[in-house]
Every structure is written in C-alpha cells, then in structure tokens.
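J.: Before I ask anything, let me first share the structure, which is written out below as structure tokens.
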Amino acid sequence: MSRPAMSEILAEAQRRTAEHPFAVLVWVDESGYPMHRPVPFEVEGDTIGLPVTGGPLPPEGAPVAVILSRIRPRPQGGYEGRRYWTFHGVAHRQAGRLMVTPHRVSGWREDELPFLALCERAVPQARRYFELLSRIHGRPIRPRLPLAGMLMRATRAPFLTATVIPVILGAAVAFHEGSLLVPWLGLTLIAAALIHLGLNVSNDIFDALSGADAVNPSPTPFSGGSRVIQYGLLGIREMALLSAALYGGGILLGLGMVLFRGGMPLLILGALGLLLSIAYTAPPLRLAYRGLGELAVALGFGPLMTVGTYIVQTGRMGWPPLIASVPIALLIALVLYVNEVPDRAGDAAAGKRTLAVRLPARWLAVIYGVAMAAVYLSVGIAAALKLMPVWSMAVAITLPMAISVGRALARFPEQPYALIPAMATQIRLHLYAGLLLTTSYLLSRWLGPGGS
Amino acid sequence: MSRLPEAVEALLEAALVAEFTVLNERNRPVVHPMLPLYVGDGRIYLTSSVLFSRKLYHIRRNPRVALSITDPIAAPVERWGTVTIQGEAMVLDEDPHAGWLWLLPAWARKEPDIPRLVKNRWMLPLFWERAVIAITPRRIFHWPPGGTGDPIVYDLTEG
C-alpha cells in the first residue's frame, strides 16, 4: 500500500475512533508473551506518535502493532458501527515518543463489510476447522442444529406464506360461493406446503450441484438458498432424501384429494404444479436459469394453488379463483424477483440467468414498478367489473410498502445487504395483500358484494 | 486458581470488548477484539466461532497470549483504569455445538439478547458453533485511572 493511502487510512481511523482515548501498542516482550500497552496517540501524516513515559516498552526497532478500535453497544442490544484497525510497523524512539510508520494495515469496518457478509466469507475457514477437529479428536465432528431448527433452515419453512395465501384465497372464493369444507382445506394446506418445502429443498440441491449457491458472495436471510449444504450441516444425499419425503407426502395427499374431491381437473393442475416445481431448477428445463423462474412461481403459487383449492372445496372448475389469483401471482413473482437482486453476481457467475441477472441494474426498479402497478390495476379493474368484491380495493393500503421496495431497488441495486429490509417488506406485502384479498371475499359473503 | 485483584475482576466483569493477541507462526502478534468472560475462578474465558478460528490454530501452536481492556465506554468502569493480562491459553473444542454453553449465563449478563439468539441459532448456524479459550493469567499490568506510565504489576507465577 502506498504511503499517501496509509496516511489517509490513519487519518480516518483516528477520526472514527475519537471516543476511545487510547491506542493499544502490541509487541512480543522478552519473556515471549505478547504485551499490550494502552497509550494516547497522535497521527502525523503516515506515522503514529505514541507519547510514552515509564512502564514496559518494546525494544528499539521491534516489530509492533497499533490497534485503534471502536465498539459501542446499542441500548436495545447489539452494537452499532463496529470497527477496528491494526497497523503493523516498527517502533522507533524519538524525543520521548515511540514513532510507528505502518507498512501494513488490517481490520474490519462493519459499515463496509456487514457482519453477515463477514460470517459468509469465513465459511471455508469454518469447514477447514471442522476437518481439523475431526482429525484431532479421531471422530467426525460437524456443525449441528436441533431437529426443528435444521428442518426450518433446510426447508426454508418461513417462506410458507407463499403457499398459505393462495390456498386460503382459493378457499375464500369457494366460501364466497357457499362452499367451505374445513377438513379438506387443512389437507390442501398440508399437501401444498409439503410440495413447496420439497421444492425448496430440491432447489438447494440443484443450486449446490450447479455451483450457484457456492459462488454466491452475498447470501442474505432471504436469498442465496438455505446454505445447509455449503455449511456442512447436511449432505446432498440427506437433502435428496428430505426432498423425496416431502414430495412423497405431498403427492400422496394430493392423490387422495384427486380421488375423493377434485377428479381429473385437479389431477391435471396438480401434475402441472409438480412439473413446474421440479423443472424450476432441475435439468433439463431449469426454468430459473433461463429467466423463467418468475413465470413458474407465478403460475405455481398463483392460479394453480388457488384454482386447485377451489376445486377441492367446490368439486368444480371456475373463473372466479383464476381472477382472484392474478394479483397474488404477480406479488409472489415479485418476491422472487426482489430476492434475486442480491444474488445477481453469484447467479451470473454460475450461469443462472435469472430475470434480475438479465436486466441492467437501472431497470430493476422500473420493472418492479410496472409489475406492482399491474397488481393494483388488476384488482381495481376486477373490482370495477364486479369480478372481485369491492372490498378487495383495500389492497391499495399496501402501496407505501411497494413504494419503499421500489425505492430500495433504485438506490441499492448493487448492495445486497442494503436490500434485506426491502426483501422482508416484499414478503410482507404479498402476505398482507393476500390476507386483504381473502378477507374481502369473506366480507362480501357476510355483508354483501358492495358492503351494504 | 486464586481470584484476581479486585480492580481487574471488575474490569473483566464489565468489559464488552477486550483486545486479545495471539502469536502467529512468525511469532508476530495478531490482535482480535473479543468479549471477555469471567466466572470468578481466576481464569478468563473467551468463546470463538469456528468461522473465525484462525486464532485457535495459533493458540494450539503457541499458547502465550495477552488480553487488554482499554475502552472506558465499552467497559463502563472508568474508575478502574486499564489492564493487560498475559497468560497461557487453552482451546476447549471437543463439542463446538454445546461445549461452550456453560458460559452462556456469563455472556448474557453482558449481552442480555444472546440467549434469544442462541435459541434461534438456525438463523446463523456456524456462528454458534464455538470453541472456548481458557486463559490462565501469569502476569497482570494494571494502570490506575489516568495512568499510562508505570503500571502496577501482579506476577501470578510466584504462587
């Protein structure tokens, strides 16, 4: 590193650790132990001046490190703005001071590298450490999670709202028309959830095999997969068994519903849904890799689930659930779209050409805005044409959430961790809009279509 | 192991961060900010995630370490001054999943939110796979408040 750059780093480090009165001078003392000495410090260009009197001191010309740090707890827990710098150099005495001109600097600034990113970068180190531990202790040692936590993580169960919304919406449309079979609704929810979780697990398997998850430099709690394979928590084989068990359970329940409630129409919809879920990341179709992930997700978590649930409830096909599913299909596709934005670099490196990868960064927010406009327009037009209850217009109250997501996409298209709140907001937006639509059908049944 | 001087114990019990130094293969100091834990048995405990385990390799090779508490805001007991502790460290990592959990109450006294985060460890699984670093102090250098010159030195190797 050039000296001017070091002087800039020193000046910044001094400015940003101003509340901490001491630097810590570190060296190896004559007994072979590291020694620390807290000392006031001054920065002079590319040199650190340490006014020291008495006490233990490093010998003239000894290699030393000087630590400048800042950590401040937040009253509500956690820390804000953690940062530290370690400057490496050689100590020289000069007029009652120790002078250190650093030749190397290391450290961490949380505002530059968020804690989650820091942890993710260190995963290979953790994997190597488990290998060492296994050798030292003569038995396999690997990271673990309690069963419930492991299932939660491996299946990405918190995303189940994507399934719950279309299913209860389909049931609400059926209830609007006078049919509601609660036990069958429960079974539909379980079957759809099992297929969804099976899809999540198989998605991770294929993304691990393709390398898309491994090369993702910035996974977040909402994107980049469950990472149980990358973390060494589960192997591909265990994940394959889990996926097969989930799919198997979902298919068995689905066949039961075909047999007793839905007949051929439900069989066709179910088969199509299953095909989409497998083809999402599995070869040869790999829809997500071809920019068709949004379409697959919109179909699967929109009309297929909503209409399928309606068939189970009423025993017949119909247009009303298809119309009701349009806004939530768009919204769930947008959940995927927003979640793809932080993965753009990793997906592109792995050849996973998602829609977010294909679009230039400046277009991400524009496309989002157009699609969200389509959501609200679809509801407004359907309500105006009396194809949806007028109560469904309440979905408009989610508009501020959509605006905040759009703004985040416009401001941070290249900053994965800055998008975490936007990803969470989009998931809540789908949930709230879905609940409002569902409620609108219930209210319309109880109070009449116009609320009169 | 006998207890440590009162001022040093007070600092260890209050500090949210300490500078912890290990020696690398070239015998050069490598410094990490760490949360020190003290349970009153005369030893100082740290826990290190396997994610940041390079320091554990260094301790295995050379157990000589030092730890200091210097930040009066992160360690809100200003009247006790600052301290440096030299000692020998031992890595306890037979069970990184649960072998450190006995230190959780001491950790929670400093960071009350930690038990909730551990309960939801599935959200950050590798961070909660941890080794314990147990430091047996050999020499303590205590600078009383305002002092940065000659420290009070406690040599614990003498008995």
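Yes/no matrix, rows are residues, columns are (1) in contact (Cβ under 8 Å) with a residue 12 or more places away in the chain; (2) surrounded by fewer than 21 Cβ atoms within 10 Å (Cβ to Cβ); (3) basic (Lys, Arg); (4) within 17 Å of A:Tyr289 (Cβ to Cβ):
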position: A:Pro342; (1), (2), (3), (4): yes, no, no, no
position: A:Asp347; (1), (2), (3), (4): yes, no, no, yes
position: A:Ala350; (1), (2), (3), (4): yes, yes, no, yes
position: A:Leu355; (1), (2), (3), (4): yes, yes, no, yes
position: A:Leu377; (1), (2), (3), (4): no, yes, no, no
position: A:Ile381; (1), (2), (3), (4): no, yes, no, no
position: A:Lys386; (1), (2), (3), (4): yes, yes, yes, no
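J.: Select, from A:Val390, A:Val366, the only residue that is free of Cβ contacts under 8 Å to residues at least 24 places away in the same chain and either touching a Lys or Arg at 6+ places or on another chain (Cβ under 7 Å) or of a type in the set (Val, Ile, Thr) (or both). Don't jump to the end; show me each part of the working.
T.: On the way: A:Val390 fails: free of Cβ contacts under 8 Å to residues at least 24 places away in the same chain.
It is A:Val366.
J.: Moving to a separate point now. Considering every residue within the range A:114-136, establish whether at least one is within 18 Å of A:Ala13 (Cβ to Cβ), surrounded by 13 or more Cβ atoms within 10 Å (Cβ to Cβ) and of a type in the set (Phe, Trp, Tyr). Lay out the reasoning, then the answer.
T.: First, pick out the residues of the range A:114-136 that are within 18 Å of A:Ala13 (Cβ to Cβ): none.
No: the range A:114-136 contains no residue that is within 18 Å of A:Ala13 (Cβ to Cβ), surrounded by 13 or more Cβ atoms within 10 Å (Cβ to Cβ) and of a type in the set (Phe, Trp, Tyr).
J.: What helices (runs of 4 or more DSSP H) lie completely within the range B:41-126 and have 2 or more residues being in contact with a strand residue (DSSP E or B) (Cβ under 9 Å, 6 or more places away or on another chain) and facing chain A (nearest Cβ under 9 Å)?
T.: Details: elements: B:54-61, B:104-110, B:114-119.
Helices (runs of 4 or more DSSP H) meeting the threshold: B:54-61.
J.: Within the range A:407-417, take every residue that is in contact with a helix residue (DSSP H, G or I) (Cβ under 7 Å, 6 or more places away or on another chain) and surrounded by fewer than 22 Cβ atoms within 10 Å (Cβ to Cβ) and give me the one that is farthest from A:Ala172 (Cα to Cα).
T.: A:Glu414
J.: Tell me, which residue of the range A:66-102 that is among the aromatic types (Phe, Trp, Tyr) and surrounded by 18 or more Cβ atoms within 10 Å (Cβ to Cβ) is farthest from A:Arg15 (Cα to Cα)?
T.: As a first pass, look at the range A:66-102 and keep what is among the aromatic types (Phe, Trp, Tyr): A:79, A:84-85, A:87.
Next, from what is left, pick out any that are surrounded by 18 or more Cβ atoms within 10 Å (Cβ to Cβ): A:84-85, A:87.
On the way: A:Tyr84: 12, A:Trp85: 12, A:Phe87: 15 Å.
If we take residues in the range A:66-102 being among the aromatic types (Phe, Trp, Tyr) and surrounded by 18 or more Cβ atoms within 10 Å (Cβ to Cβ), then A:Phe87 is farthest from A:Arg15 (Cα to Cα).
J.: Taking the range A:201-234, which residues are among the charged types (D, E, K, R) and within 14 Å of A:Arg286 (Cα to Cα)?
T.: Filtering the range A:201-234 for residues among the charged types (D, E, K, R) gives A:204, A:207, A:213, A:227.
Selection gives A:Asp204, A:Asp207.
J.: Counting just the residues of the range B:27-40 that are under 24 Å from A:Arg72 (Cβ atoms) and assigned to a loop (DSSP other than H, G, I, E, B), which one comes out nearest to the other protein chains (Cβ to nearest Cβ)?
T.: B:Leu35
J.: Do any helices (runs of 4 or more DSSP H) lying entirely in the range A:79-187 carry at least 3 residues that are within 11 Å of another protein chain (Cβ to nearest Cβ) and within 30 Å of B:Val132 (Cβ to Cβ), and which ones are they?
T.: On the way: elements: A:115-121, A:123-137, A:147-155, A:161-176.
Counting at least 3 such residues, we get A:115-121, A:123-137, A:147-155.
J.: Can you tell me which residues in the range A:21-48 are surrounded by fewer than 18 Cβ atoms within 10 Å (Cβ to Cβ) and within 26 Å of A:Ala11 (Cβ to Cβ)?
T.: Listed by number, the residues that qualify are A:Pro21, A:Pro40, A:Glu42, A:Glu44, A:Gly45.
J.: Only one of A:Ala282, A:Ala288 is touching a residue at least 40 places away in the same chain (Cβ under 8 Å), outside any helix (DSSP H, G or I) and more than 21 Å from A:Pro143 (Cβ to Cβ); which? It would help to see each step written out before you state the result.
T.: Numbers: A:Ala288 fails: outside any helix (DSSP H, G or I).
Result of the check over A:Ala282, A:Ala288: A:Ala282.
Each reported figure results from applying straightforward, stated rules to the coordinates on display, with no laboratory input. Since the structure is predicted, the reported quantities are computational estimates derived from the model, not experimental observations. Cβ sites come from the backbone with ideal geometry, for glycine too, and all protein chains shown count toward neighbours.
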